[in-house]
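Engineer: Structure incoming, see below.
The values are calculated or read from the model by the stated rules, or taken from the named source; none is laboratory data. Given the structure is predicted, the values throughout are model-derived calculations rather than measurements. Every residue, glycine as well, gets a Cβ built from its backbone with ideal geometry; the counts of neighbours run over all protein chains shown. Surface areas here come from the heavy atoms of the whole protein model, side chains and all, with no ligands, DNA or RNA. Shrake-Rupley method; radii C 1.70, N 1.55, O 1.52, S 1.80 Å.
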Amino acid sequence: MTAVHGGPDAHGAARWDFSTNSNACGPCPSALAALQAADAGRYPDPAYTALREAIAAFHSVDKDRIVLAGSASEFIARFTAWVAREGGKRVWLPAMAYGDYAQAARAWGLQRAPDAAQADLAWLCEPSSPLGEPEPFASYVVARSARVVLDLAYEPLRLSGRCSLGPEARDAVWQLWSPNKALGLTGVRGAYAIAPAQAGADVRALDDLAPSWVLGAHAVSMLSAWVSPDAQAWLAGSLSRLSDWRVSLRERLADCGWIGLPGDANFFCAAPPRQLDAVALRAAGIKLRDTTSMGLPGHWRLGVLPPVAQEALHAALRRQEVLA
């Protein structure tokens with residue numbers, strides 16, 4: 001099956017791209033400066049010693065719990081491969097979820113388990129995608145599944161609510177972080193996971209499955225910048241602006257008859273009053289994310305963009321109403 005993603009397509013990058021969940025206030029200036037200063041003429045330290053230490057200090061965990069990854073998707077594929085190699089047969093997935101979880105499971109022959117208690121691997125995501133809400137079965141899954149990965153790709157972009165798992169529960173699962181969205185730098189790939197406490201042997205096994213230099217110089221610069229005070233201060237300042245933009249985007253869609261779903265992140269899903277002409281929107285430089293592949297047919301996920309993009313979307317939707 002072909003993976004479905006937001007962002008640029010065969011026509012290039014859309015002028016008004018609502019299909020990704022990148023921080024629309026970005027790119028983060030300090031992270032961008034770090035990327036521009038990256039030394040691409042040299043290999044990074046293959047052990048990533050300084051980066052591991054910086055990430056560990058940021059999260060107040062031991063550096064031996066840090067697993068570096070080429071991206072969140074690379075970690076999803078590698079972790080699934082490791083579970084399969086260890087004899088895992090079944091995976092539990094949320095009813096609506098990022099398609100790479102299922103794609104990796106199919107690639108390694110893992111069958112979908114109806115109950116997390118029957119699974120050798122379980123995936124959680126909070127705020128979830130596509131809805132941007134808590135996972136209602138999170139506590140049950142953590143208590144009963146053998147290995148649990150909590151995807152926290154959108155946690156830095158949370159605009160309301162809080163994670164349904166407390167610190168103790170989160171410390172017992174694998175936490176997957178991919179900060180490029182929060183920094184507004186999705187073109188730079190790089191991520192990391194925090195292993196549960198006392199999972200040293202598993203960390204070493206996952207490191208052994210990774211290619212040499214899993215992160216290039218630019219990914220090292222991005223992740224190093226991510227844990228800096230400057231980047232964190234910039235991110236905190238961007239959240240209030242995103243919250244205001246989210247309110248105005250909901251209002252504009254409601255004015256066109258769309259029914260928006262609740263959500264806590266910098267994106268949300270909504271259903272149009274009639275079938276959407278996505279081809280015409282794309283021709284007008286506007287792209288949305290169809291959520292059918294994530295288990296939510298008839299809806300579209302929209303990342304929060306600035307007012308000028310919202311005005312372009314509102315005008316295009318109004319034109320479709322006139323032509324309907």
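Engineer: Can you tell me how many residues within the range 12-42 are open to solvent by less than 50 Å² (accessible area, probe 1.4 Å), within 16 Å of residue 286 (Cα to Cα) and more than 17 Å from the chain's Cα centre (by Cα)?
Structural biologist: Residues in the range 12-42 being open to solvent by less than 50 Å² (accessible area, probe 1.4 Å), within 16 Å of residue 286 (Cα to Cα) and more than 17 Å from the chain's Cα centre (by Cα): 3 in total.
Engineer: Further, regarding this structure: Quick one: which of 270, 236 is among the hydrophobic types (A, V, I, L, M, F, W, C), under 21 Å from the mean Cα position of the chain (by Cα) and more than 22 Å from residue 128 (Cβ to Cβ)?
Structural biologist: Only one candidate passes the filter, namely 236.
Engineer: Taking the range 258-277 as the region of interest, how many residues are in contact with a Lys or Arg (Cβ under 8 Å, 6 or more places away or on another chain) and surrounded by fewer than 18 Cβ atoms within 10 Å (Cβ to Cβ)?
Structural biologist: Residues in the range 258-277 being in contact with a Lys or Arg (Cβ under 8 Å, 6 or more places away or on another chain) and surrounded by fewer than 18 Cβ atoms within 10 Å (Cβ to Cβ): 1 in total.
Engineer: Limited to the range 78-89, what total is found for residues that are open to solvent by less than 50 Å² (accessible area, probe 1.4 Å) and either closer than 21 Å to residue 52 by Cα or part of a helix (DSSP H, G or I) (or both)? So that I can check it myself, show each step before the final result.
Structural biologist: Filtering the range 78-89 down to residues open to solvent by less than 50 Å² (accessible area, probe 1.4 Å) leaves 78-84, 87-88.
Still in the list and also either closer than 21 Å to residue 52 by Cα or part of a helix (DSSP H, G or I) (or both): 78-84.
Number of matching residues: 7.
Engineer: Tally time: how many residues in the range 90-107 are in contact with a helix residue (DSSP H, G or I) (Cβ under 9 Å, 6 or more places away or on another chain) and outside any helix (DSSP H, G or I)? Let's see the steps before the verdict.
Structural biologist: Residues of the range 90-107 in contact with a helix residue (DSSP H, G or I) (Cβ under 9 Å, 6 or more places away or on another chain): 90-94, 96-101, 103-105, 107.
If we keep only those that are outside any helix (DSSP H, G or I) too, we end up with 90-94, 96-98.
Summing the residues that are in contact with a helix residue (DSSP H, G or I) (Cβ under 9 Å, 6 or more places away or on another chain) and outside any helix (DSSP H, G or I) in the range 90-107 gives 8.
Engineer: Do we find that residue 224 is surrounded by fewer than 21 Cβ atoms within 10 Å (Cβ to Cβ) and either of a type in the set (Phe, Trp, Tyr) or assigned to a loop (DSSP other than H, G, I, E, B) (or both) in this structure? Quick ask: steps written out before the conclusion?
Structural biologist: Values: surrounded by fewer than 21 Cβ atoms within 10 Å (Cβ to Cβ): yes; either of a type in the set (Phe, Trp, Tyr) or assigned to a loop (DSSP other than H, G, I, E, B) (or both): no.
When the stated conditions are applied, residue 224 does not pass them.
Engineer: Within the range 132-146, how many residues are touching a helix residue (DSSP H, G or I) at 6+ places or on another chain (Cβ under 7 Å) and open to solvent by less than 60 Å² (accessible area, probe 1.4 Å)?
Structural biologist: 3
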